[in-house]
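Single-structure report; data block below.
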Amino acid sequence: MRIVVALGGNALLRRGEPMTVENQRENVAVACARLAPLAEGNELVVSHGNGPQIGLLALEGAAYQPVPAYPLDVLGAETQGMIGYLVELELANRLPESQPVAALLTMIEVDPADPAFDDPTKPIGPIYGTDEAAVLERERGWAFRPDGDAIRRVVASPAPKRIHEIRQIAGLLHAGCVVICAGGGGIPIARGADGQLRGVEAVIDKDHASGLLAVGIDASVFVMATDTPGAYLGFGTDDQRLITHAHPDALLAEHGAEFAAGSMLPKVIAACDFARATGSPAVIGQLADIDRMVTGQAGTRISTDTDGVATVAAPPTKEN
């Protein structure tokens, strides 16, 4: 079985937690303890988010005045190297020495005319208070939007179109490697009128990029690991219900408006796109259930071999 797992930001850094290397090491170690068993008898590909990390690097760069701030594509490459290293290290500590693990810098092409460049929506970096955000907006020209009870910087998030290293990823899988790739949604690049590839100022959504990856390598199952047991209907109400199974067409047509644009909606759309494109299932759920998610016993499973939308009563949760 070929499995793609997209690790949510909580697998690397919990909300409000200080962005220290040690905190990230501890969180990655917990995630890898869940991931490692999947590598036995399967082909495993791991992607990850980078929102907090790329935001921190942007802040550090802006604080150093002698040189211009580094662009987001370069910062994205830095986060892929840093996070990829941590995941590779912790997986290697839990797998047999005979099992190779490789982290690959991954460029993903976007359309330079994507309207997302005119409407920044992707949150990155730490949370801010209203006054601090106003100062940064005025001094650095950054855009900000509410994120829950706080405010975060937002940047352009164009749709991923093509994974530049898809052949290399397939080759590594063929060689028996566990592959860590497409981190942070990939390093955003675009092709200019002269045919040359160049980095662009953006951060691609990790779930959409991971879904494109899963389609590109013909994954048997696409798993998005987050901090809730799955996707919900009536989220936050007394009638909240966990979606157990859903057909992609029914889920989006009947309930698409119920999912939060900044958190669950990208996951639902990515899952539906993958299920339609491949006929294989996509699953959304919490990391602790990842083995059961792969076997169809936990999480929200979206596939074309089911009808409608099935739910069960669920207790209130903190976030969706």
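Quick notes on this one:
- One residue stands out in the range 40-66 among those that are out of contact with any strand residue (DSSP E or B) (no Cβ under 7 Å at 6 or more places or on another chain) and in a helix (DSSP H, G or I): the one that is farthest from residue 267 (Cα to Cα), namely 63.
- Count of the range 187-208 residues which are out of contact with any Lys or Arg (no Cβ under 7 Å at 6 or more places or on another chain), assigned to a loop (DSSP other than H, G, I, E, B) and not polar (S, T, N, Q): 7
- Of all the listed residues (249, 218), the sole one being surrounded by fewer than 17 Cβ atoms within 10 Å (Cβ to Cβ), out of contact with any Pro (no Cβ under 8 Å at 6 or more places or on another chain) and over 21 Å from residue 6 (Cα atoms) is 249.
- Among the residues listed as 211, 171, 184, the single one being of a type outside the set (Phe, Trp, Tyr), modelled with pLDDT of 95 or more, assigned to a helix (DSSP H, G or I) and within 30 Å of residue 58 (Cα to Cα): 211
- Of all residues in the range 7-35 being in a loop (DSSP other than H, G, I, E, B) and not small (Gly, Ala, Ser), the one that is modelled with the lowest pLDDT: 15
- If you go through the range 279-303 and keep only what is touching a helix residue (DSSP H, G or I) at 6+ places or on another chain (Cβ under 7 Å), surrounded by 19 or more Cβ atoms within 10 Å (Cβ to Cβ), outside any loop (DSSP other than H, G, I, E, B) and in contact (Cβ under 8 Å) with a residue 60 or more places away in the chain, you end up with 282, 283, 284, 285, 287, 290, 294.
- Close pairs from the range 134-157: first closer than 18 Å to residue 121 by Cβ and polar (S, T, N, Q), partner in a strand (DSSP E or B) and at pLDDT below 90, Cβ under 6 Å, at least 6 apart: 157/122
- Across the range 163-190, the number of residues qualifying as of a type outside the set (A, V, I, L, M, F, W, C), surrounded by 14 or more Cβ atoms within 10 Å (Cβ to Cβ) and within 18 Å of residue 4 (Cα to Cα) comes to 7.
- The residues on offer are 237, 306, and the sole one that is touching a His at 6+ places or on another chain (Cβ under 7 Å), outside any helix (DSSP H, G or I) and either surrounded by fewer than 19 Cβ atoms within 10 Å (Cβ to Cβ) or modelled with pLDDT of 95 or more (or both) is 306.
- Only one of 12, 35, 91 that is crowded, with 18+ Cβ neighbours inside 10 Å, in contact (Cβ under 8 Å) with a residue 24 or more places away in the chain and touching a His at 6+ places or on another chain (Cβ under 8 Å): 12
- Of all residues in the range 19-32, those that are under 21 Å from residue 45 (Cα atoms) have Cβ atoms under 6 Å from Cβ atoms of residues that are outside any helix (DSSP H, G or I), 6 or more apart or on another chain, in 24/12; 24/13; 27/12; 31/7; 32/94.
- The one condition in (1) crowded, with 24+ Cβ neighbours inside 10 Å; (2) over 20 Å from residue 78 (Cβ atoms); (3) of a type in the set (A, V, I, L, M) that residue 209 fails to fulfil: (2)
The values are calculated or read from the model by the stated rules, or taken from the named source; none is laboratory data. What you see is a predicted model; the values in this text were computed from it and never measured. In this analysis, Cβ positions are derived from the backbone assuming ideal geometry, glycine residues included, and neighbour counts consider all displayed protein chains.
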